[in-house]
Each structure stands twice: as structure tokens, then as C-alpha cells.
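Reading through the C-alpha cells given below for one structure.
The values are calculated or read from the model by the stated rules, or taken from the named source; none is laboratory data. Small disclaimer: the values here were computed from a predicted structure and weren't measured. Don't worry about glycine lacking a Cβ; one is built from the backbone with ideal geometry, like all the others, and counts go over all protein chains shown. We work out accessible area using only protein heavy atoms, side chains counted, and drop any ligands, DNA or RNA first. Shrake-Rupley method; radii C 1.70, N 1.55, O 1.52, S 1.80 Å.
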Amino acid sequence: MGMVSEIREVIAERGLGILDPWIGSDGKKKEVLAVLLAGRNLLLEGPPGVGKTLLAKSVAGSLPDIQANDCSFNCDPERADCPQCRAGSRAVVTVHGAKRFVRVQGSPELSAEDLVGDIDPVLAMRYGGFDLRVFSPGRIIKANRQVLFVDEINRMSEKIQNTLLQVLQEGEMTIGNFDVHFQIDTLFISTMNESELAGIETLSEALKDRLERVTIPYPTEEDELAILEKYGRSVVAVPDEITRRIVRACQRTRQDKDVAFAASPRATLAIYELCQSFAGLRGAQEASLEDVRSAMDVALSGRLSLSAAGDEYAETGAYITKLKEML
Ligand SMILES: Nc1ncnc2c1ncn2[C@@H]1O[C@H](COP(=O)(O)OP(=O)(O)OP(=O)(O)O)[C@@H](O)[C@H]1O
Ligand SMILES: [Mg+2]
Ligand SMILES: [Zn+2]
């Protein structure tokens, strides 16, 4: 069964529930699942730390376990047909749903060899340059029968974007000398930060036209409280009122035009956990606002940055002081 049929079955069975680890609106969950149901390529666009990776991992986590040959292509044992399997028999392994996830970090340095594969020179001497056994497979190939997660896709060079395109579009690729056609069956999920935060590289028009873009917003106040409850480590009690103030302080930075890099939900989680450490260090059973202020200094000083700060550290420090006063 192909990946698209697999995910369709899972969605038919569990509906929006497959995205339960991600806390957010049903509307967004529907957009994500609609793209997968249609068998199209997904682009999650949003600020850092809003759960894009978590969403993609939830999709993989919902997939059933499969039997696969222990080769780079994860061949189906029933119809194994890759160069490695053809060269000799392979052990059969069980791949758990959550492990059916291959991550590629987009960067300008990423090469076609990393992505698609390379020729092993030693094997090429032995078998000759046109024998498929000399080919050492790259990340895309390992994503066969798995989720292919491309983080920060916009940071890849245009050349690599085009290579990726060819695979997405035709499900096949050509490598060096070889006129080979590997059908890669994958669920494609990519991410990109909001444009104003992105680096110089952007998405090529051709790639843009082949991705369905779902924007992932910052969580609402209630959702962010739920994120802290579900994922925040809890060793010392944090009164509800204080938790809410932590969330509000972080949310404030996201609305502020002076802030270039706002406090992400990751920062909220950090403050929530650090304030408990500060409480613990003074032997208290419960975190206080003062503990939150100490936590904010640690958690925000390296994260926040202002849009037009002259002396960056001095001004960011002053901004954090203001946030702490408003707490
Ligand atoms: N909407 C959300 N639901 C559940 N957890 C969330 C949500 N947003 C953020 N988190 C939590 O915040 C942390 C960061 O999430 P994640 O790594 O998935 O974000 P991201 O968008 O991929 O970030 P980046 O852009 O930096 O790669 C995780 O611990 C995750 O549990
Ligand atoms: Mg991520
Ligand atoms: Zn194989």
C-alpha cells in the first residue's frame, strides 16, 4: 500500500485525533489533514517554536508499523527491488510508525549528494561506474515509505530545490551517470519560517507552485496554557494566576512592533520550568512572581531581540526589565 492510501486509512479511522499532540484550532488541523488526504505536498509556515515539527511527527506517529527490508530504501519484503536487495538477501525488520520519519535540515550547504546520493569510488572501481551497486543512497531515498520532513526548505539553494522538485513531481530521479528511476513513495512535509524572519534564500517559484501552504500561528492564551500543562515539567507548584502571567508576558512580545524575535512557546516553556527551579533553590513549595522575573532574565536574554536596537544587549536588557515590571 502506498503512503497516501495509508494516511487516508488512518485519517478515516482517527480523524483530527492524529494531530492531538499539537494544541491548536480544529481549523488548522483540518487544513493539514486536507493536504495529506489529497496526497499533496505540505508546507507549514510560521514563526519558530509553534509546533511545526511536532505536527509533522504526529503524522508519522499515526502511521502503522511496517515490515521492511533492512536496506536504504526500506523495501517492502514482498516486492523488494532496489540495487541493494537485488545484490543479496536482506533481513526483514519492523519499522514503528513514529520512526517512519526522515528529517532533512535545509541549508545553503546541503548538496545533491546529501539529498539524493553519491557514487562510492571504491565500489565504482570494483563494479564499474554504471553498476547500481556503487550508489550510496541519500536522505530522500531513506524516506521511501516514510515521512520526508524538510525543515527550513527555503534555506536550500535553488539547485537543490529543483532536485527535490523532480523527486516530488515525477517520483524519480537521475544520478550522475545513471539514468535510473527510483520511485520514492513518501509523505512530504516541509517548514519555513515567516518571510520576514527568513534568511536570504527563499522558495523558488516552481517549488512554491507545488506546495500547499498552511500557516501555523502563535497559540492563543488558552492554548498556550494547555501547552504548559501538557509539556511543561512540573516539580514545584506554579499557581494558575502566575502561569497565566507568564503566558501573557510572552504573548505581549509577539504583538510588539519593536521586537524582531519574539518569545516563542519554547521560551514560555523555559520560563515556566525555570521559575520552578528558582523556587526550588530557595526551598519554596510554590513559585512566586519574583521567581518568574529571575526566570525571564535567563530565558529571554538570549532569545529576544529588538528590531532596531543600537546597542543590542543594553536595549534588549532594558526591554526585559520593562516586561518584568509589567508582569
Ligand atoms: N501548538 C502547540 N501544541 C503543542 N506543543 C507545542 C505547540 N507549540 C509549541 N509547542 C511546544 O513547543 C516546543 C517546540 O515545538 P516544535 O519544535 O514542534 O516547534 P517548531 O515550530 O518546529 O519550531 P522551529 O521553528 O524552531 O523548528 C515543543 O516542546 C512543543 O511541545
Ligand atoms: Mg522545528
Ligand atoms: Zn531494498
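General observations
- Computed from label points 7 Å out along Cα-Cβ, the spacing between residue 222 and residue 170 is 5.1 nm.
- The angle between the Cα long axis of helix 26-37 and the longest principal axis of the Cα atoms of the chain comes to about 10 degrees, rounded to the nearest 10.
- For region 257-327, the set of trypsin sites (Lys or Arg not before Pro) satisfying both a DSSP loop assignment and a count of at most 15 other C-beta atoms within 10 Å is given as 257, 282.
- The region of the chain that goes longest without hitting one of the GluC sites (Glu not before Pro) in a DSSP loop, each with at most 15 other Cβ atoms within 10 Å, is 195-327.
- Between the listed residues 300, 60, 285, the Cα displaced farthest toward the positive end of the dipole of the chain, a dipole computed from Cβ unit charges relative to the Cα centre, is found at 285.
- Calculated [θ] (222 nm, deg cm²/dmol) that DSSP helices of n ≥ 4 give over the chain, each run adding -39,500 (n - 2.57): -13000 deg cm²/dmol
- Charge dipole (debye, nearest 20) of the chain; +1 at Cβ of Lys and Arg, -1 at Cβ of Asp and Glu: 460 debye
- When a 1.4 Å probe is rolled over the protein heavy atoms, the share of accessible surface on region 221-326 that falls to carbon and sulfur comes to 50 percent.
- Stokes-Einstein translational diffusion, region 221-326 - Kirkwood Rh over all Cα pairs, 1.002 mPa s, 20 °C, in µm²/s: 156 µm²/s
- The residues neighbouring residue 80, those whose beta-carbon lies less than 12 Å from its own, together hold a net charge of 0 under the Lys/Arg +1, Asp/Glu -1 convention.
- Accessible area expressed per residue, the chain, with surrounding protein chains retained (probe 1.4 Å, Å²): 49 Å²
- By the Kirkwood approach, averaging reciprocal distances over each pair of separate Cα atoms, the chain gets a hydrodynamic radius of 22.2 Å.
- Taking the DSSP beta bridges with both ends in the chain, the antiparallel portion is around 35 percent.
- Local net charge near residue 61, Cβ-Cβ under 12 Å (Lys/Arg +1, Asp/Glu -1): +2
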